[in-house]
Every structure is written in structure tokens, then in C-alpha cells.
1. Kindly evaluate Ala42 against the criterion of being in contact with a strand residue (DSSP E or B) (Cβ under 9 Å, 6 or more places away or on another chain), part of a helix (DSSP H, G or I) and modelled with pLDDT of 95 or more.
2. From the residues in region 71-104 that are loosely packed, with under 13 Cβ neighbours inside 10 Å and basic (Lys, Arg), which one is modelled with the highest pLDDT?
3. Report, by residue number, each residue of region 32-59 that is over 27 Å from Met86 (Cβ atoms) and touching a helix residue (DSSP H, G or I) at 6+ places or on another chain (Cβ under 6 Å).
4. Against the definition (part of a helix (DSSP H, G or I), out of contact with any strand residue (DSSP E or B) (no Cβ under 7 Å at 6 or more places or on another chain) and not hydroxyl-bearing (Ser, Thr, Tyr)), how does Glu63 come out, yes or no?
5. Give the residue, chosen from Thr22, Thr30, that is of a type in the set (Ser, Thr, Tyr) and at pLDDT 95 or above.
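The values are calculated or read from the model by the stated rules, or taken from the named source; none is laboratory data. Remember, it's a predicted structure, so these values are computed and weren't measured experimentally. Ideal geometry is used to build each Cβ from the backbone, glycine not excepted, and the neighbour counts take in all protein chains shown.
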Amino acid sequence: MNPNMKEMMRQAQILQNKIAKTQEELAKKTVEVSVGGGMVKAVANGKPEIVSLSIEKEVVDPEDVEMLQDLVVAAVNEALTRSKEMVESEMAKITGGLKMPGLF
């Protein structure tokens, strides 16, 4: 194997290790989203997974279940979007903005 190829392989291994470490750290970080004037809150981590969902009892109206459903969907979707943005931002620091399908 020529020296250039060995160096490329070494750098790829270093990058892979940095990405794995960052993914571990991101799994511990969270983003919180609040909708409906704070009535519904969703928290997502960097995996991205929803780790908590809170609903204020004032927004629970048996006569308007649709509104509550819409608020929950909006909170969850926004939390997952922000989580993805957090992951992409952190990974861009490592990869120099290069998109690497399957890694994040």
C-alpha cells in the first residue's frame, strides 16, 4: 500500500472516531419545543428520539380532541426538526460541511 493511501486510511479512521464520539454526545443533548403558548412541550435528543412530552391540563378538552392532537403533532415534528438541525450542525464541524449519507 502506498504512503498516500495509508495516510488517507489513517485520516478516515480518525474522522470515523470523531463522528462516533460526537454521535454519543448528541444522544445526550436535547432540544425543547413549546407550542400552543406553552401548553404542549416536546423534548428530543440527538438520536433523534422524543424523550419527553408534557401537556398542560388546561389544553385537554374532550370537546376538542383535534386541537390537542394538532398541538402534539406540531410539537413532536418541531422537536425532531430541531434535533436534526442540531446533529447536522455538530457533524458539519467535523466533516467541514461534507454530507456523508448514512452517518447522520
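1. Numbers: in contact with a strand residue (DSSP E or B) (Cβ under 9 Å, 6 or more places away or on another chain): yes; part of a helix (DSSP H, G or I): no; modelled with pLDDT of 95 or more: yes.
No; evaluated as a whole, the condition is false for this residue.
2. It comes out as Lys93.
3. Passing the criteria: none in range.
4. Working: part of a helix (DSSP H, G or I): no; out of contact with any strand residue (DSSP E or B) (no Cβ under 7 Å at 6 or more places or on another chain): yes; not hydroxyl-bearing (Ser, Thr, Tyr): yes.
Criteria not met by Glu63.
5. Checking each option against the conditions leaves just Thr30.
Every residue, every condition in (1) surrounded by 14 or more Cβ atoms within 10 Å (Cβ to Cβ); (2) within 24 Å of the chain's Cα centre (by Cα), yes or no:
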| position | (1), (2) |
| --- | --- |
| Pro3 | no, no |
| Gln16 | no, yes |
| Ala20 | no, yes |
| Ala27 | yes, yes |
| Val40 | yes, yes |
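Residue by residue, here is whether (1) among the small types (Gly, Ala, Ser); (2) under 22 Å from Lys93 (Cβ atoms) holds:
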| residue | (1), (2) |
| --- | --- |
| Pro3 | no, no |
| Gln11 | no, yes |
| Val31 | no, yes |
| Lys47 | no, yes |
| Ser52 | yes, no |
| Glu56 | no, no |
| Asp61 | no, no |
| Val72 | no, no |
